[in-house]
Amino acid sequence: MTEIIANTKKLFIKTYGCQMNVYDSDRMADALAPHGYEPTGDIMAADLVLLNTCHIREKASEKVFSELGRMKELQDLRRAAGADLMIGVAGCVAQAEGEEIARRAPVVDMVFGPQSYHRLPEMLSEAASRRSLHPSQQRAVVDTDYPEEDKFEHLPAASKEVTIKRGLTAFLTVQEGCDKFCAFCVVPYTRGSEVSRPVSQVLTEARNLVAAGVKEITLLGQNVNAYHGLDAAGRTVGLGELAYLLADIAGLERVRYTTSHPRDMDDALIAAHRDLDILMPYLHLPVQSGSDTMLKAMNRRHTAAEYLRTIERIKTARPDMALSGDFIVGFPGETEQDFEDTLSIIRDVGYASAYSFKYSTRPGTPGANLGGQIAEEIKTERLHRLQDLVNAQTTAFHAACVGKTMPVLIERPGRMPGQVGGRSPYLQAVHLDGSPDLIGAIHQVEIVGTSTNSLVGRLKVAQAA
Ligand code: SAH
Ligand code: SF4
Ligand code: F3S
């Protein structure tokens with residue numbers, strides 16, 4: 001039994017990067033709650049600040065060091081007021097840079113990677129005891145090992161309070177790490193090799209979330225559709241099969257999953273999309289480039305035609321499926337023709353939305369050593385052209401929704417009194433006139449218009465029979 005400590009300290013977590021970091025930040029808060037730490041939204045009142053960092057692109061990484069400069073000022077302020085501040089760096093930059101962070105920023109008390117979160121309470125007490133040493137001997141606690149034990153086994157399950165704070169939708173990490181080694185990407189180095197959580201752990205956490213009021217769960221993984229968890233009989237269960245098991249949980253109304261790799265869209269998962277209404281018809285399926293030369297250089301291990309064929313299979317199973325994607329422009333060696341091929345695949349697919357990035361050289365990845373690095377101005381120019389195309393597609397997708405009736409999960413009061421807001425199956429924000437009583441359930445809504453980045457709806461009142 002963990003000893004419950006009553007005197008409350010304030011914890012502020014700043015989260016960068018992907019949804020998996022968002023999930024992890026909540027787990028860290030859960031792990032510290034029994035040790036007297038209560039989350040706060042006010043960094044000025046914090047006794048402990050954790051930066052949960054992202055290493056995916058250079059800009060994301062560099063944010064940490066500028067933030068740590070501000071942390072030093074904050075610590076000085078806290079000390080002047082007779083209090084103190086401890087600082088921890090977690091996440092993917094911590095994993096990648098370890099000791100280097102402590103060296104560059106002596107203000108840091110702890111540096112620890114994503115595989116060590118369950119050890120956070122011990123690290124914290126070790127860091128606190130090092131505070132009493134002579135300043136010349138003070139050193140940050142650094143933990144970037146990949147432990148043998150399963151961190152998920154040791155992290156507290158999503159607690160009721162945290163779930164209520166999150167509301168009607170929640171993330172649930174089912175898979176972590178990546179074995180694919182795309183030439184541009186740091187994830188296999190920061191998150192380690194692929195690990196899937198056992199089926200029973202996933203189902204228990206899903207049931208707890210639903211019991212606390214969650215209606216929509218997004219399953220997370222760096223390669224979520226490579227999920228291969230073991231069931232009680234020791235059999236491997238893929239994401240498709242897991243979806244059927246989740247569909248049996250009473251009260252769970254929507255399931256999404258992200259991020260998928262095109263190579264792992266297997267028949268079982270596609271069949272689940274055909275059979276299960278609970279699986280939302282909106283899929284994030286990054287292709288990165290439409291050029292086979294680039295796809296090969298990126299080590300994506302599929303061609304543009306194979307990607308298009310996969311989408312065809314998905315749309316045959318689920319005709320109302322919409323897609324989102326990720327694109328990288330300016331990978332080493334990318335010619336104007338390669339880039340045109342990317343625009344061309346975007347036109348072929350017709351995305352509902354997409355994220356696009358200039359290639360950012362990441363130390364230690366194969367892409368960093370390739371010749372033919374692309375000039376910054378060319379990357380910028382290509383990114384703009386790509387984003388113009390994608391923005392036009394997003395606008396067209398929103399416009400095509402007008403006149404349709406769709407289920408909307410009503411989540412919150414709207415911008416104006418008398419309005420409520422929610423999400424469509426395609427993650428579009430929808431605003432409509434309606435009473436706050438509608439919040440917390442899915443209602444049929446007719447889409448009557450669009451406004452910037454959202455849809456305007458009208459509640460469909462069920463006709464009496
Ligand atoms: N596992 C996912 C992607 C995780 S990273 C997948 O396989 O698709 C999220 C996105 O960041 C990637 O899809 C890619 O578009 C982008 N990205 C990753 N590394 C990058 C880099 N070095 N430079 C620019 N963008 C990058
Ligand atoms: Fe990175 Fe590729 Fe793995 Fe996605 S599949 S996390 S892009 S290495
Ligand atoms: Fe960033 Fe790590 Fe996620 S590098 S995108 S926080 S897996």
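Can you pull a Stokes-Einstein diffusion coefficient for the stretch 90-158 at 37 °C (0.692 mPa s), Rh from Kirkwood over Cα pairs, as a whole number of µm²/s?
After rounding, the answer is 260 µm²/s.
Quick check: from the Cα gyration tensor, does the stretch 32-110 come out rounded (a/c under 1.5), prolate or oblate?
Prolate shape, in that a/c is at least 1.5 and a/b is the bigger ratio.
Using every Cα-Cα pair within the stretch 186-341, state what percent have a distance larger than 19 Å.
58
Give me the distance in nm between label points sitting 7 Å out from Cα along the Cα-to-Cβ direction at Asp433 and Ser344, one decimal.
Simple spin-label model gives 5.0 nm for this pair.
Across the stretch 1-145, how large is the tail of the calculated P(r) beyond 22 Å, expressed as a percent of all Cα pairs?
33
Take Arg274 and Ser451, extend 7 Å from each Cα along the Cα→Cβ direction, and tell me the distance between the two endpoints in nm.
4.2
Which whole number in µm²/s is D for the stretch 181-250 by Stokes-Einstein, with the Kirkwood Rh taken over Cα pairs at 25 °C and 0.890 mPa s?
My calculation gives 183 µm²/s for D.
Work out, step by step, the length gained on full extension between Glu122 and Met44: first 0.36 nm times the residue separation, then minus their alpha carbon distance; give nm to one decimal.
Stretched fully, the Glu122-Met44 segment lengthens by 25.6 nm.
When the helix-only estimate is applied to the chain (DSSP H runs of n ≥ 4, each -39,500 (n - 2.57), divided by the residue count), what is the mean residue ellipticity at 222 nm, nearest 500 deg cm²/dmol?
-11000 deg cm²/dmol
Can you put Thr316, Thr394 in order, fewest other beta carbons within 10 Å first?
Exposure proxy ranking, most exposed first: Thr316, Thr394.
What trypsin sites (Lys or Arg not before Pro) does the stretch 398-440 have in DSSP loop regions with at most 10 other beta carbons within 10 Å?
Those satisfying the criteria are Arg415.
Given contacts defined as C-alpha pairs under 8 Å and at least six residues apart, what's the relative contact order of the stretch 206-276, whole-number percent?
Taking the mean separation of contacting Cα pairs over the length of the stretch 206-276, I get 41 percent.
If you plug each phi of the stretch 389-394 into the Karplus form 6.51 cos²θ - 1.76 cosθ + 1.60 with θ = phi - 60°, what whole-Hz ³J(HN,Hα) values come out, in order, with x for Gly and Pro?
Once rounded to whole Hz, the list reads 5, 5, 4, 5, 5, 4.
Can you tell me what the convex hull of the Cα atoms of the chain projects to on average, as an area in nm²?
Taking the Cα atoms of the chain, their convex hull projects to 25.2 nm² on average.
Of the DSSP beta bridges with both residues in the chain, give the percent that are antiparallel, rounding to the nearest 5.
Given both bridge residues lie in the chain, the antiparallel proportion sits at roughly 35 percent.
Too long at a 20 Å Cα-Cα cut-off: which of Lys151/Lys215; Lys10/Lys59; Lys14/Lys72; Lys14/Lys180; Lys14/Lys358; Lys404/Lys460?
In this structure, Lys151/Lys215; Lys10/Lys59; Lys14/Lys180; Lys14/Lys358 exceed 20 Å between Cα atoms.
R0 = 45 Å: FRET efficiency of Gln387 with Arg131, Cβ-based, nearest 0.05?
Result of the calculation: an efficiency of 0.40.
Average the reciprocal distances over every distinct pair of alpha-carbons in the stretch 349-394, invert the result, and give the Kirkwood radius in Å.
It works out to 12.2 Å.
Please report the relative contact order for the chain, taking Cα pairs under 8 Å with a sequence separation of at least 6, and give it as a percent rounded to a whole number.
9
Could you tell me what percent of the DSSP beta bridges with both partners in the stretch 1-116 are antiparallel, to the nearest 5?
0
Could you give the length gained by full extension between Phe181 and Lys72, i.e. 0.36 nm per residue of separation minus their alpha carbon distance, to one decimal place?
35.6 nm
According to a simple spin-label model (label point 7 Å from Cα along Cα-to-Cβ), what is the distance in nm between Tyr355 and Thr316?
For Thr316 paired with Tyr355, the spin-label model returns 3.1 nm.
Taking Cα centroids, how far is the stretch 25-75 from the stretch 386-465 in Å?
Each part's Cα centre sits 34 Å from the other's.
Compute the longest continuous run of the chain that contains no exposed GluC sites (Glu not before Pro); treat a site as exposed when its DSSP state is not H, G, I, E or B and it has at most 15 other Cβ atoms within 10 Å.
Looking at the chain, 150-465 is the longest stretch - no exposed GluC sites (Glu not before Pro) with at most 15 other Cβ atoms within 10 Å.
Based only on Cα atoms, what Rg/Rh ratio does the stretch 248-336 have, Rh being taken as Kirkwood's radius?
Result for the stretch 248-336 is an Rg/Rh of 1.05.
Tell me the Kirkwood hydrodynamic radius of the stretch 350-456 in angstroms, computed as one over the mean inverse distance between distinct C-alpha pairs.
Every distinct Cα pair counted, the radius reaches 16.4 Å.
Once fully extended, how much extra length lies between Asn369 and Arg79, figured as 0.36 nm per residue of separation less the alpha-carbon to alpha-carbon distance?
Result for the pair: 99.8 nm of gain on full extension.
Using unit Cβ charges (K, R positive; D, E negative) and no other charged atoms, how large, in debye to the nearest 20, is the dipole of the stretch 273-373 about its Cα centre?
I would put it at about 280 debye.
Looking only at the stretch 420-465, where both bridge partners belong to it, what percent of the DSSP beta bridges are antiparallel (to the nearest 5)?
Once the DSSP bridges in the stretch 420-465 are tallied, antiparallel ones form about 70 percent.
Using R₀ = 25 Å, calculate the FRET efficiency as 1/(1 + (r/R₀)^6) where r is the Cβ-Cβ separation of Lys460 and Arg415; round to 0.05.
Calculated transfer efficiency: 0.70.
Coordinate-derived values only; no laboratory data. Just so we're clear, the structure is a prediction, and the values are computed from it rather than from any experiment. Cβ: placed from backbone, ideal geometry, glycine included. Neighbour counts: every protein chain shown.
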